[in-house]
Amino acid sequence: MAFKMIATAQQVPQQIVTNDDLAKRLETSNEWIESRTGIKERRIAQTENTSDLCTQVARQLLNQQQLAASQVKAIIVATMTPDYYTPATAAIVQGNIEAVNAFAFDISAACSGFTYALSVAKGYLQSEDDYVMVIGGEVISKVLDWSDRSSAVLFGDGAAGVLLQGTLAADAWLGERLVTLGQQNDQLTSGQLVTGQTNWQAPTQTHLAIDFFQMSGRLIYNFATRTVPVELEQAVLAAGYSLDQVDHFLIHQANARLITQLAKRLKQPLSKFPMNLQHYGNTSAASIPLLLDEEVQQGRIKTGDLCVLCGFGGGLTIGIQIIRY
Amino acid sequence: MTQAEILNKVQAVIAEQLDVEIEKVTPPTNIREELDADSLDIFEVMNQLEDDLEVKLDPDESIVTVQNVVDYIEQTLAAK
């Protein structure tokens with residue numbers, strides 16, 4: 001039993017913040033941001049939390065397939081900006097859409113989160129009556145240091161996801177590769193939460209420390225442009241295909257120059273690497289499904305197309321899913 | 001490798017990576033300011049040189065000119 005994607009949907013905040021908007025407050029410019037990252041603008045939540053955005057995605061997925069919420073078996077949300085430590089964002093979504101028969105939990109795997117969540121979801125699809133929602137959602141704007149121009153310009157908010165149905169078709173899901181390089185876990189971090197020594201005798205003190213985003217530039221660049229393409233190629237070959245046979249490479253939308261370099265390393269035409277980061281920035285776990293949804297809705301991904309979904313980021317993690325849409 | 005060979009290699013890689021004419025890549029050229037290179041460009045140049053010369057290059061912020069790159073590579077190769 002494998003999965004097929006029977007619906008895609010997205011929900012992004014209405015507020016658009018352009019590079020020029022940021023340049024009014026930070027020592028930066030549209031030219032600097034766009035030339036280094038490809039980003040022109042991003043969506044920033046005003047009052048919405050991750051669960052709000054994910055709930056809207058979930059509702060759209062149900063509407064598209066005219067599926068009753070009670071038919072959903074599981075809801076998995078991939079996020080690094082959950083509403084709470086507990087309850088899981090997925091549980092809130094489950095409650096909001098009244099998917100009373102669904103179990104729900106979050107996955108934390110940074111920008112690989114959506115691909116990791118797909119892997120987990122696969123195990124729950126044991127019949128053609130099984131439906132699982134996999135949604136990536138973030139409100140990274142709420143954990144950024146907005147005075148730090150090196151990181152504030154990179155990220156955006158949004159949510160997107162897919163509705164999976166179990167299928168007996170042998171060529172719907174073709175392979176995956178999940179990699180974690182835990183010894184480099186400190187090279188890309190955001191929000192160290194629990195630290196210091198517990199002082200149980202002074203209960204008014206808090207032991208939560210929030211650190212903002214930090215990244216070892218060259219190491220992460222090398223990880224993205226050297227390690228990731230090697231793993232991606234191996235995953236495609238292991239699935240019995242060549243890179244030339246892939247129709248679409250849906251790469252985590254971190255940075256246009258990274259993606260261009262990836263295409264070069266894989267010796268594939270850039271036309272196979274769609275990008276929408278110019279409008280959304282890096283939306284971490286929402287990045288891949290947001291791109292997938294746009295490509296599907298605009299007819300660029302067609303039924304039968306061979307697609308490689310590739311996330312990479314904090315962990316360090318790499319997640320690759322190979323599907324025939 | 002001689003200094004001249006290293007210089008030729010560095011000039012070729014920088015010209016290709018930064019998409020500039022090789023005549024503009026002279027030893028005293030300031031890579032960031034005169035060739036409009038940013039940090040990602042520097043990473044790419046170093047990565048390409050690592051691949052081509054089969055040596056690990058981990059320079060610090062003192063790399064400013066083309067000659068700095070050549071000298072750093074010469075030292076690194078000598079230490080191998």
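Of note:
- Single residue of region A:263-279 satisfying the filter (basic (Lys, Arg) and either within 12 Å of the chain's Cα centre (by Cα) or modelled with pLDDT of 95 or more (or both)) that is surrounded by the most Cβ atoms within 10 Å (Cβ to Cβ): A:Lys272
- With respect to (1) under 10 Å from the mean Cα position of the chain (by Cα); (2) assigned to a strand (DSSP E or B), the lone exception for A:Thr115 is condition (2).
- Members of region A:135-152 that are surrounded by fewer than 24 Cβ atoms within 10 Å (Cβ to Cβ) and assigned to a loop (DSSP other than H, G, I, E, B): A:Leu144, A:Asp145, A:Trp146, A:Ser147, A:Asp148
- Selected residue (criterion: farthest from the other protein chains (Cβ to nearest Cβ)) from residues of region A:218-262 that are exposed (fewer than 15 other Cβ atoms within 10 Å of the Cβ) and of a type in the set (Gly, Ala, Ser): A:Gly240
- Scan of region B:11-62 for residues that are outside any helix (DSSP H, G or I), open to solvent by less than 70 Å² (accessible area, probe 1.4 Å) and away from every other protein chain (no Cβ under 12 Å), ordered by number: B:Val20, B:Val25, B:Thr26, B:Pro27, B:Thr29, B:Asn30, B:Leu35, B:Val55
- A:Ala254 being under 20 Å from the mean Cα position of the chain (by Cα), in the same structural domain as A:Thr189 (by TED's automatic domain parsing) and in a helix (DSSP H, G or I): no
- Restricting region A:131-185 to residues that are aromatic (Phe, Trp, Tyr) and under 20 Å from A:Gln46 (Cβ atoms), the residue that is nearest to the chain's Cα centre (by Cα): A:Phe155
- Taken over region A:7-66, the residue count meeting the criterion of being of a type in the set (Lys, Arg) and either farther than 30 Å from B:Asp36 by Cβ or buried (at least 21 other Cβ atoms within 10 Å of the Cβ) (or both) is 3.
- Taken over region A:3-28, the criterion of being touching a residue at least 40 places away in the same chain (Cβ under 8 Å) and acidic (Asp, Glu) is satisfied by A:Glu27 alone.
- Where A:Pro87 falls short, out of the listed (1) under 19 Å from A:Ser190 (Cβ atoms); (2) open to solvent by 20 Å² or more (accessible area, probe 1.4 Å): (1)
- The numbered conditions (1) under 16 Å from the mean Cα position of the chain (by Cα); (2) crowded, with 20+ Cβ neighbours inside 10 Å; (3) among the small types (Gly, Ala, Ser) are all true for A:Ser108 except (2).
- Restricting attention to region A:280-302 and to residues that are crowded, with 18+ Cβ neighbours inside 10 Å and farther than 14 Å from A:Ala159 by Cα, the residue that is nearest to the other protein chains (Cβ to nearest Cβ) turns out to be A:Glu295.
- Selection count, region B:63-76, where residues are assigned to a helix (DSSP H, G or I) and closer than 17 Å to B:Gln11 by Cβ: 9
- The residues listed here are A:Gly311, A:Gly315; of these, the one that is touching a residue at least 40 places away in the same chain (Cβ under 8 Å), surrounded by 19 or more Cβ atoms within 10 Å (Cβ to Cβ) and either on the phi > 0 side of the Ramachandran plot or within 14 Å of chain B (Cβ to nearest Cβ) (or both) is A:Gly315.
- Residue that is farthest from A:Leu118 (Cα to Cα) [pool: residues in region A:153-179 that are of a type in the set (Gly, Ala, Ser) and part of a strand (DSSP E or B)]: A:Gly158
The values are calculated or read from the model by the stated rules, or taken from the named source; none is laboratory data. Everything numeric here is computed off the predicted structure, so don't read it as measured data. Counting neighbours? That spans all protein chains shown, and the Cβs are built from the backbone with ideal geometry, glycine included. SASA here: full protein model, heavy atoms, side chains in, ligands and nucleic acids out. Shrake-Rupley method; radii C 1.70, N 1.55, O 1.52, S 1.80 Å.
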